[in-house]
Amino acid sequence: MTWRRRLAQAEQLFLLKRDLVPILILLIALTGRNVETLKDLPAEHQILEGTAVQIQLTKRRRGDQHWHETVTWEIGPPHRELDTPGGLYLLLHRLMTRGRTYTDSTALWSIWRNGIAGGITGIAEHMSPFRASLSDPPLMPSEWAAGHSLLTDPPSETEVGRPLTVTFGRIRTTIEVARVKRLGGHLPSAARSNSVEVLFGNYLRGDASAAEWSAETLTAAIAEAESAALDAHVRALAAAGGSLKVVPEAAVPADHEALWNGCTDPDAHPATGRICRRTTFLDCFHCANCVITSSHLPAVLGLRQALYERRSVLSESDWWSRYGPVWVTIEYEVLPKFTPGQVSHAELIKPADALLDLVEHPWDIP
């Protein structure tokens with residue numbers, strides 16, 4: 001019997017070495033586990049009520065003291081075995097059952113090798129891969145990808161992609177990043193087989209796609225926070241006169257000066273007609289009596305700097321809730337009214353202390 005004929009017959013009954021790479025890639029994708037753990041999958045398992053399979057995993061990365069973890073994987077319907085980790089595990093278990101009778105192994109894996117060239121025949125042609133070493137037999141995912149003509153996305157419409165470099169580690173990282181995205185970036189929920197620290201340090205930090213997605217998510221979150229803060233400012237201003245007066249060259253009587261602005265009538269608040277009973281001078285930015293001129297611009301820029309520095313000591317949600325409406329007022333209603341030259345000059349003479357602490361309750365100061 002020729003070599004090719006023996007191979008053709010054997011692949012109808014047993015798994016071959018060339019089957020290992022695509023199977024391991026699919027297992028990584030479905031389970032989210034690293035390839036070392038999957039190479040150590042046991043044949044022993046327990047089926048729970050026909051819906052899940054329970055397996056004890058081994059992590060050799062822990063050194064001589066192997067670390068064990070019991071996992072439960074969904075089986076899914078019979079016709080979707082390639083879509084669930086439990087369904088795929090049981091399918092592989094059935095495919096390798098015949099081979100395991102010859103290898104006398106407790107591991108899941110069993111493959112057939114054509115041993116004619118090496119003088120190996122019969123039962124000896126069956127082997128339990130990874131038994132002696134996780135690197136035996138050696139597997140080359142990029143060679144498998146090249147054999148299937150897998151290419152990267154083309155740089156342009158007139159070019160073709162390059163041969164795709166595939167590694168088991170890259171597949172695992174891609175799965176980890178995808179799960180983090182799916183869970184909205186919440187690392188405690190996304191950390192499955194590793195701690196949050198390991199998930200970020202080993203898989204997310206330095207990954208280009210994760211960095212790009214994080215930047216997009218952060219930009220969207222900031223835009224949403226700015227929009228909410230601006231809405232809060234508009235509502236407060238509507239209740240207190242309806243418009244903010246930013247007059248770059250106007251003058252305001254000295255006795256009507258506040259910390260960062262002037263006030264047209266402190267004895268008559270637009271909402272009440274009575275003496276202003278503001279909670280904080282920051283509320284002046286949401287009042288129609290507020291007047292901001294070029295003489296106030298250095299103080300306003302000093303306040304903006306102080307608000308920015310507060311971001312390092314407050315959570316984003318607390319900062320936007322407390323200072324967001326004032327921040328967006330300065331950014332979108334005040335500064336655009338002044339020329340770049342006025343803003344540049346005011347930056348040079350802005351006060352080092354914006355006196356922000358003086359207008360807040362002591363227990364509110366971060």
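Read-outs: derived from the displayed coordinates by stated rules, not from any lab. These numbers were taken from a predicted model, which means no experiment stands behind them. When we count neighbours, we look across all protein chains shown, and the Cβ atoms used for this are built from the backbone with ideal geometry, even at glycine.
Pairs of Cα atoms nearer than 8 Å and 6+ residues apart set the relative contact order; for segment 269-340 it is 32 percent. Contact order for segment 1-97, expressed relative to its length and based on alpha carbon pairs under 8 Å spaced 6+ residues apart, stands at 20 percent. The calculated pair-distance distribution of segment 250-346 uses every alpha carbon pair, bins of 10 angstrom beginning at 0, and gives 15, 45, 32, 9 percent. For Lys337, a cut-off of 22 angstrom between C-alpha atoms picks up these lysines, skipping any fewer than 8 places away in its own chain: Lys245, Lys350. The dipole here belongs to segment 292-356: it is taken about the Cα centre, uses +1 on the Cβ of Lys and Arg and -1 on the Cβ of Asp and Glu, and is about 80 debye.
Count Lys and Arg as plus one, Asp and Glu as minus one, and take only other residues whose Cβ is under 12 Å from that of Leu335; the net charge is then -1.
When Rg and Dmax are taken over the Cα atoms of segment 1-60, they come to 15.4, 47 Å.
Net charge dipole, segment 1-120: roughly 640 debye, given to the nearest 20, about the Cα centre with Cβ charges of +1 for Lys and Arg and -1 for Asp and Glu. For Lys59, the lysines whose Cα falls under 20 Å of its own Cα, not counting residues fewer than eight places away in the same chain, are Lys39.
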